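Beneath this line is the structure, given in structure tokens, with notes to follow.
The values are calculated or read from the model by the stated rules, or taken from the named source; none is laboratory data. Only a predicted model underlies this, so the values are computations on that prediction, with no experimental measurement involved. When we count neighbours, we look across all protein chains shown, and the Cβ atoms used for this are built from the backbone with ideal geometry, even at glycine. Accessible surface areas use protein heavy atoms only, side chains included; no ligands, DNA or RNA. Shrake-Rupley method; radii C 1.70, N 1.55, O 1.52, S 1.80 Å.
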Amino acid sequence: MTCRTTKIKIRELIAPHFWNSFKSKALHQIDQGGRGSTKTSKNALKICYHLLKEKPCSAICIRKTQKSLRNSVYKEIKRALRRFGLAEGGDFKANLSPLEITLHNGNKIYFAGADDYEKIKGLIDENSPIKLVWFEELTEFDSPEDLDNIVATFSRGNDDWFSALYTFNPPKNKFDWVNQWVEEKKNEGYRVTSSDYRTVPLEWLGDMFIKEAERLKTFDEKRYNWIYLGEVIGMEGLIYNFDHIGKITEQEIKEKDLKVYYLDFSIDGGHQTSATTCGCFGYLSDHRWVLLDTYYYSPHEKPVKKAPSELSKELRQFQLAMAKKWNASIDRLTVDSAEGAIRNQFFKDYGERLNPVNKGKNKQTLIDYTQDFLAKGKFFVLDNPNNQIFLREAKNYMYKEGSIERGKPEPDKAEHEIRGEAYHNTHSGDYSYYYADHSCDTFQYWVADNMRKLGLKE
């Protein structure tokens, strides 16, 4: 195709695996696959191609929430237009409020979150009909009904053609609604394309991408199959692969003359029945991350509970003791977003704000982040008495029975009795006779709050 001043060869922009589907006007087109399969960039190019070739013709790109649009599909569409040789400000105009892109021929690309359906309906323009609806990151949506209502809204009145595009990386769990929906739609004639990074020219991906994929294949092939090949690998009862949690001793740190560059602390709060726990995570000079120590206080079955003022004081003492012991500065203080009492008390006592991590609706997202981090093979636990509670809880961290089959995996949060000698924590000065998942939550909040420095986010 020719774009005003430049002749573009489409086949130089599209991975060979997508050549047959690129110009398709099939009513429903599903692209599922692993990381690096270029399905997202293909759809962005597909939308831009049709809007440049046809008039009137507009499109809408949809994600579950409005806030996720600007740094994903909006950015991807602008990139696609530049790859077609178009210049922003001349060949197309990109607005932030409202979030939309207008091409030189008058066609528009709208961006909307499915969390505001009334706003979506308001984008109907009879003079410039929407011919393409793109649902990106399908796994964010709650059910097929979210999609059906929107497709019905925009397909109405299109007599010649209309296409709904769907892109996603398949969830691990075969019982997830998305995986079951795709299997149903295959039988209804939906066009389903599966792809992975092996269907893409390797020079497009770069050496670092290939090396990381091959490293994970060696280290955790099952997780590689899911992340990079887009396979539905199923979900087992245990949540963490305990083999990915290394152990290190204080003697080893001294013998290798390793330095602790800085410390992070992460808190999971509880008062009445749930434990309050705080993990001290250190970054070593050999680029490993280590759980150096744990604060743990369980009020379970105790008639008198510690007040937030007591917990605030003990957490502060724990942090100062760790900073002194390891001669390291404190980089980040993280807390569960639902924990208001300790946050307020800590600020009142010490004038420091704990950074809240939003657990959100989907616990599995936090678990996935943590599993990604563990798969890097860089996390270790200092083998000391206080950290035994983390090792116990991580080793027994399981999904609630039946929750996987229902398509909504949910960790088992039940308190389990500790058999044998009770656990004693030196920082809280307290004995615990039960364990659950509290230190696992602390670990997840820390990972979610430090995605960039843990190498999980660019």
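Observations on the structure shown:
- Strands (runs of 3 or more DSSP E) within region 325-404 that include 2 or more residues open to solvent by less than 40 Å² (accessible area, probe 1.4 Å), at pLDDT below 90 and over 30 Å from ASP142 (Cα atoms): none
- Region 210-226, residues that are hydrophobic (A, V, I, L, M, F, W, C), over 18 Å from PRO170 (Cβ atoms) and modelled with pLDDT of 90 or more: ILE210
Matching residues to (1) crowded, with 17+ Cβ neighbours inside 10 Å; (2) not in a helix (DSSP H, G or I):
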{"site": "PRO409", "(1), (2)": "yes, yes"}
{"site": "CYS440", "(1), (2)": "yes, no"}
{"site": "GLN444", "(1), (2)": "yes, no"}
{"site": "ARG452", "(1), (2)": "no, yes"}
{"site": "LEU456", "(1), (2)": "no, yes"}
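- Among the residues making up region 110-144, none is crowded, with 19+ Cβ neighbours inside 10 Å, among the charged types (D, E, K, R) and assigned to a loop (DSSP other than H, G, I, E, B).
- The set of residues from region 36-78 being part of a strand (DSSP E or B), charged (D, E, K, R) and crowded, with 24+ Cβ neighbours inside 10 Å is empty.
- LEU147 within 26 Å of VAL182 (Cβ to Cβ) and either of a type outside the set (Asp, Glu) or part of a loop (DSSP other than H, G, I, E, B) (or both): yes
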